[in-house]
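Only one structure is covered here, and it is reproduced in the block below.
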Amino acid sequence: MASRDSTARLATIVFSPKFWRGVVSILCFLVIWEIGSRSREWFGMPLPWISQIPAPSAVAVTFLQLVHSPSYWYSWYLSTARVFEGFIAAMLIGIPLGLAMAVSRTFYGTFFPVFEVLRPIPPLAWVPASIIFWPTQEMSIAFVTFLGAFYAIVINVIGGAQAIDVRYFQAARSMGSSGWDVFRRIILPGTLPSIVVGATVGIGITWAVVVAAEMISGGGSAGSMGGAGGGGLGFFIWNSYVGGSYTQIVVGMISIGIAGYISSALLRKLGDMVTPWLQQR
């Protein structure tokens with residue numbers, strides 16, 4: 001029965017117009033990219049900028065070669081581990097902090113000004129300081145990655161809690177609800193959609209930050225597996241640039257895009273599971 005339901009869902013996706021619009025858009029993008037990259041060879045007239053990018057066919061050949069390289073997959077592992085280490089730490093600290101600032105005016109007045117001063121500082125601006133203050137490069141990358149998600153999560157939690165209709169609180173208090181009941185039955189469920197949004201935004205920022213941090217700091221664990229892929233996808237891209245392998249640069253960029261898409265899709269799916277009432281609308 002379960003396999004029949006799965007087959008039905010797959011058929012619904014495959015035969016939906018939305019799916020085929022996505023397929024057509026990707027194919028059109030690849031065709032335009034191929035033509036633009038080979039414009040000098042095919043037409044004798046290079047198109048500005050795009051003719052400097054390796055063609056998707058050349059990138060595909062390089063990718064098929066890298067599939068058999070352990071260092072490439074180790075780069076995936078390192079970057080993914082760093083992203084989720086920083087992201088989970090940001091969730092564990094950011095959600096309680098945001099809720100505390102949302103429910104307590106005293107806590108908000110004490111901590112929000114400091115938070116708001118630090119928030120505009122880009123996470124990458126912390127890289128030199130984190131390299132100095134943390135004992136290892138791995139901890140420096142983890143700290144910068146944590147900052148990438150932390151601010152987005154806290155801001156969304158505060159905004160979600162403050163957006164709850166005040167009439168819910170008035171109705172709960174008029175019926176004798178305790179502060180814990182108000183928090184458990186009103187504030188937390190009302191903030192969950194904003195937590196999901198903040199987590200989805202945060203994971204995207206985290207991927208961008210970890211790649212740049214790996215480039216700047218030298219990959220942290222670079223060299224433990226050898227080759228260009230020893231220190232994460234960011235270090236993989238940087239080493240490919242230094243070595244003049246432009247097709248590998250594009251492979252690294254696409255790898256980051258795929259990893260970020262998968263991470264966001266998993267979080268959206270988890271968000272649908274914890275907020276089922278939103279799916280019924």
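Obtain the nm distance between the two label points defined at Asp272 and Val24 by a simple spin-label model: each point lies 7 Å from its Cα along the Cα-to-C-beta direction.
2.4 nm
Let's test this: bin the Cα-Cα distances of segment 19-133 at 5 Å from zero up to the farthest pair and state each bin's percent.
Pairs per bin, as whole percents: 2, 8, 8, 11, 10, 11, 11, 10, 10, 8, 6, 3, 1, 0.
When only alpha-carbon atoms are used, what values of Rg and Dmax, in angstrom, describe segment 94-240?
19.6, 66
Separation of segment 114-184 and segment 89-109 by C-alpha centroid, Å?
Their Cα centres are 6 Å away from one another.
Compare Leu27, Leu118, Leu92 in a GNM of the chain, Cα atoms joined below 10 Å, and give the one with the largest fluctuation.
Most flexible of the set in this elastic network: Leu27.
Probe 1.4 Å, all protein chains in place: accessible area of Arg173 in Å², nearest 10?
We get 150 Å² for Arg173.
Test of understanding: in a Gaussian network model of the chain with alpha carbons linked when under 10 Å, which of Ile249, Ile26, Ile132 would top the mean-square fluctuation ranking?
Ile26
Which whole-Hz couplings ³J(HN,Hα) result when phi for each residue of segment 119-129 is put into the Karplus expression 6.51 cos²θ - 1.76 cosθ + 1.60, θ = phi - 60°, listed in order with x for Gly and Pro?
Values per residue, Gly and Pro as x: 4, x, 6, x, x, 5, 5, 7, 4, x, 5 Hz.
Under a Cβ-only charge scheme (Lys and Arg +1, Asp and Glu -1), can you give me the dipole magnitude of the chain about the Cα centre, in debye to the nearest 20?
800 debye
Return the carbon/sulfur percentage of the accessible area of the chain, one whole number, probe 1.4 Å, all protein chains in place.
70 percent
So how far, in whole Å, is the C-alpha centre of segment 29-85 from the one of segment 230-269?
10 Å
Could you list the residues of segment 99-119 with an amide nitrogen less than 15 Å from a label point located 7 Å from the Cα of Ser177 in the Cα-to-C-beta direction?
The answer is 103, whose backbone nitrogens lie closer than 15 Å to the label point.
Once the whole set of protein chains is in place, how much accessible area is left on Thr12, using a 1.4 Å probe, in Å² to the nearest 10?
100 Å²
For the chain, what ratio Rg/Rh do Cα atoms give with a Kirkwood hydrodynamic radius?
Result: Rg/Rh = 1.06.
Could you put Ile258, Ile155, Ile141, Ile186 in order of accessible surface area, largest first, with the 1.4 Å probe and the full protein assembly present?
Ile258, Ile155, Ile186, Ile141
So which residue, out of Val201, Val31, Val83, gets the largest mean-square fluctuation from a GNM of the chain using Cα contacts under 10 Å as springs?
Of Val201, Val31, Val83, the most mobile in the Gaussian network model is Val31.
For the chain, with every protein chain kept in place, what is the accessible area per residue (1.4 Å probe, Å²)?
Heavy-atom SASA per residue in the chain reads 58 Å².
The values are calculated or read from the model by the stated rules, or taken from the named source; none is laboratory data. Bear in mind the structure is a predicted one, so any value in this text is a computation, not a measurement. Please note: Cβ atoms are built from the backbone with ideal geometry, for glycine as well, and neighbour counts cover all protein chains shown. Note: areas computed on protein heavy atoms with side chains; ligands, DNA, RNA excluded. Shrake-Rupley method; radii C 1.70, N 1.55, O 1.52, S 1.80 Å.
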